[in-house]
1. Report those helices (runs of 4 or more DSSP H) wholly inside segment 58-117 carrying at least 2 residues which are closer than 17 Å to Asn43 by Cα and either in contact with a helix residue (DSSP H, G or I) (Cβ under 7 Å, 6 or more places away or on another chain) or among the polar types (S, T, N, Q) (or both).
2. Which number in (1) surrounded by 24 or more Cβ atoms within 10 Å (Cβ to Cβ); (2) within 28 Å of Gly191 (Cβ to Cβ) marks the one condition that Leu107 misses?
3. Using beta carbons and a limit of 7 Å, which pairs, at least six apart or on different chains, have the first residue in segment 27-52 and closer than 17 Å to Leu83 by Cβ and the second one surrounded by fewer than 16 Cβ atoms within 10 Å (Cβ to Cβ) and of a type in the set (D, E, K, R)?
Amino acid sequence: MRALFIQQDHVSPVGPVGERLAERGYDIVEFNVVPGHRFDSPNVVVDFPDPLDYDVIIPMGAAWSVFDHTTIGNWILDELALLRTAHEAGVPILGICFGGQALAAALGGSVRRAPAAEVGWYVIETDDSDVVGQGPWFQWHHDQFVPPPGAVEIARTPVGPQAFALGRSLGLQFHPELTSETLQAWLDNGGESYMVEHGIDSAQMMRETKVGDSAATERTHVLVDRFLDRIANRDLL
């Protein structure tokens with residue numbers, strides 16, 4: 001079995017999501033969309049792999065907006081087409097943050113600016129804790145998805161939706177893959193300036209993340225298990 005991680009940028013390691021998929025018998029394939037030297041000019045030309053060559057697909061987070069075609073226009077429509085093709089063929093998809101937004105847009109939903117940013121650790125309201133637990137989960141986003149027609153919204157915060165399921169696809173707004181090492185990479189890649197600009201104590205956030213690393217990894221392993229067992233194996237009519 002093969003799991004394709006679509007890493008939109010160079011600072012999106014697979015983390016405990018990939019770790020758990022590997023433990024479940026998947027070979028991990030990482031596909032980088034925007035290389036590090038093009039992070040500030042991400043409108044690159046991308047030759048995406050065939051989604052039907054994989055048994056599960058995980059589009060990951062990004063610093064950009066799905067609807068910002070001026071910035072990322074060379075590749076976003078192709079990625080949406082990839083996700084649509086995979087979903088229609090019954091290939092399970094686990095969309096993470098930008099990847100969850102892209103999944104929503106690919107399946108007929110939409111992405112828009114959220115009424116407020118969410119940055120840090122958040123407990124979410126969940127209608128189905130057997131699929132998506134209440135967390136806390138790490139958030140870093142300014143946009144939100146509108147779930148596609150026919151999808152079931154599973155979880156939310158006061159700001160907006162946090163998870164939806166449709167067929168064998170599960171879209172998430174939060175970052176289950178995050179560890180303290182990943183957070184440090186984001187801070188080093190421009191995130192520290194963002195924190196200062198928005199009055200967020202990055203040192204406190206890092207301390208909180210390091211203390212919770214083990215528990216967060218365990219929650220993510222459970223989430224991946226439930227995705228594989230309850231969503232990815234659904235019978236499709």
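The values are calculated or read from the model by the stated rules, or taken from the named source; none is laboratory data. Predicted model, so just to flag it, every value in this text is computed and none were measured. Backbone-built Cβ (ideal geometry, glycine too); neighbour counts: all protein chains shown.
1. Answer list for segment 58-117: 69-72, 76-88.
2. (2)
3. Val29/Arg2; Val46/Asp78; Phe48/Asp78
To keep it simple, each residue is scored yes or no on (1) among the aliphatic types (A, V, I, L, M); (2) within 26 Å of Asp143 (Cβ to Cβ); (3) touching a strand residue (DSSP E or B) at 6+ places or on another chain (Cβ under 7 Å); (4) modelled with pLDDT under 95.
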| position | (1), (2), (3), (4) |
| --- | --- |
| Arg2 | no, no, yes, no |
| Pro13 | no, yes, no, no |
| Val17 | yes, yes, yes, no |
| Gly25 | no, no, no, no |
| Ile28 | yes, no, yes, no |
| Asn32 | no, yes, yes, no |
| Gly61 | no, yes, yes, no |
